[in-house]
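Peer 1: Would you mind keeping the following structure in view while I ask a few things?
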Amino acid sequence: MPDWDAMAVVGRVARPHGLRGQVIVNPETDFPEERFQPGAELFVNRGGVAESITITTVRFQQQRPVIGFRGIDDMNAAATLAGAELRVPIDRLAVLPPDTFYRHDLIGCAVETSAGAVVGLVEDVEGTMGGSRLVVKTSGGVEVLVPLVAEICTAIDPAAKRIVIDPPEGLLELNERAKG
């Protein structure tokens with residue numbers, strides 16, 4: 001079985017849908033139509049073990065996939081998946097165009113300003129392909145939101161786990177949010 005922690009999140013089950021075991025998924029991929037296809041294998045964490053599940057049916061409702069899985073045949077079985085992350089091994093992800101990155105590539109990157117000041121570590125990436133932001137945790141435990149745009153994130157090197165930013169004056173202070 002694949003290592004759960006070494007896989008990429010591609011969606012989260014929101015809730016069961018209907019009586020036949022389907023679920024509504026909140027996609028966490030920029031390619032939901034390609035990712036969620038009948039016959040595709042996804043993984044869920046069941047008791048600490050990455051368990052394979054196969055998609056049998058898919059339709060989209062308000063940009064969210066409504067998915068049926070092999071062996072999940074009724075509402076009660078579907079309810080056991082509510083809240084579950086859906087993952088795939090990283091080697092099954094699509095190759096991205098230059099200067100685009102998967103979220104998991106950016107998490108854990110050290111963020112510093114072009115002047116060399118340490119900002120913190122990327123804890124998460126929020127938003128969509130059209131408007132994402134880095135959630136950076138400072139050494140003081142404060143979260144700072146940094147827009148993921150070329151004008152601010154001037155150098156991104158996931159292999160070196162480093163991002164250089166050139167934030168406009170006041171951006172970091174303005175975008176601080178208390179974790180709570």
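Peer 1: Check I72 against each of (1) buried (at least 19 other Cβ atoms within 10 Å of the Cβ); (2) of a type outside the set (D, E, K, R); (3) in contact (Cβ under 8 Å) with a residue 40 or more places away in the chain; (4) in a strand (DSSP E or B) and name the one condition it does not meet.
Peer 2: (4)
Peer 1: Note down all Cβ pairs under 8 Å where the first residue falls in the stretch 18-33 and is part of a helix (DSSP H, G or I), the second is open to solvent by 20 Å² or more (accessible area, probe 1.4 Å), and they're at least six residues apart or on different chains.
Peer 2: Partner pairs satisfying both residue conditions: P32/F60; P32/Q63; E33/F60.
Peer 1: In contact with a Gly (Cβ under 7 Å, 6 or more places away or on another chain) and either β-branched (V, I, T) or under 30 Å from S132 (Cβ atoms) (or both): is that true of P16 in this structure?
Peer 2: Working: in contact with a Gly (Cβ under 7 Å, 6 or more places away or on another chain): no; either β-branched (V, I, T) or under 30 Å from S132 (Cβ atoms) (or both): yes.
Answer is no for this residue.
Peer 1: A further question on this structure: Residues in the stretch 81-91: is at least one within 30 Å of V49 (Cα to Cα), charged (D, E, K, R), in contact with a strand residue (DSSP E or B) (Cβ under 6 Å, 6 or more places away or on another chain) and touching a residue at least 24 places away in the same chain (Cβ under 8 Å)?
Peer 2: Yes, there is a match, as at least one residue in the stretch 81-91 is within 30 Å of V49 (Cα to Cα), charged (D, E, K, R), in contact with a strand residue (DSSP E or B) (Cβ under 6 Å, 6 or more places away or on another chain) and touching a residue at least 24 places away in the same chain (Cβ under 8 Å).
Peer 1: All but one of (1) assigned to a loop (DSSP other than H, G, I, E, B); (2) surrounded by fewer than 18 Cβ atoms within 10 Å (Cβ to Cβ) hold for L81, so report the exception by its number.
Peer 2: L81 satisfies all of (1) assigned to a loop (DSSP other than H, G, I, E, B); (2) surrounded by fewer than 18 Cβ atoms within 10 Å (Cβ to Cβ) except (2).
Peer 1: Taking D3 and the conditions (1) at pLDDT 90 or above; (2) under 30 Å from T100 (Cβ atoms), which numbered condition does it fall short on, given that it satisfies the others?
Peer 2: (1)
Peer 1: Which condition does E112 not pass, out of (1) more than 20 Å from the chain's Cα centre (by Cα); (2) closer than 21 Å to D5 by Cβ, if it passes all the others?
Peer 2: Result: E112 passes all but (2).
Peer 1: Something else about it: If a residue counts only when it is touching a His at 6+ places or on another chain (Cβ under 8 Å), open to solvent by less than 70 Å² (accessible area, probe 1.4 Å) and at negative phi, which strands (runs of 3 or more DSSP E) contained entirely in the stretch 99-160 have at least 3 such residues? Spell out how you get there, then give the answer.
Peer 2: Numbers: elements: 110-113, 118-128, 131-137, 143-147, 153-157.
Once the strands (runs of 3 or more DSSP E) in the stretch 99-160 are filtered for at least 3 residues that are touching a His at 6+ places or on another chain (Cβ under 8 Å), open to solvent by less than 70 Å² (accessible area, probe 1.4 Å) and at negative phi, nothing remains.
Peer 1: So which residues in the stretch 18-37 are over 19 Å from the mean Cα position of the chain (by Cα) and open to solvent by 80 Å² or more (accessible area, probe 1.4 Å)?
Peer 2: Matches in the stretch 18-37: L19, R20.
Peer 1: Provide a single number: the residues in the stretch 161-180 that are open to solvent by less than 40 Å² (accessible area, probe 1.4 Å) and either part of a strand (DSSP E or B) or at pLDDT 90 or above (or both).
Peer 2: 4
Peer 1: In the stretch 38-56, which residues are open to solvent by less than 40 Å² (accessible area, probe 1.4 Å) and more than 14 Å from F69 (Cα to Cα)?
Peer 2: Answer for the stretch 38-56, where residues must be open to solvent by less than 40 Å² (accessible area, probe 1.4 Å) and more than 14 Å from F69 (Cα to Cα): just A50.
The values are calculated or read from the model by the stated rules, or taken from the named source; none is laboratory data. These numbers were taken from a predicted model, which means no experiment stands behind them. Backbone-built Cβ (ideal geometry, glycine too); neighbour counts: all protein chains shown. When the accessible area is computed, the model is the full protein with side chains, heavy atoms only, and any ligands, DNA or RNA have been set aside. Shrake-Rupley method; radii C 1.70, N 1.55, O 1.52, S 1.80 Å.
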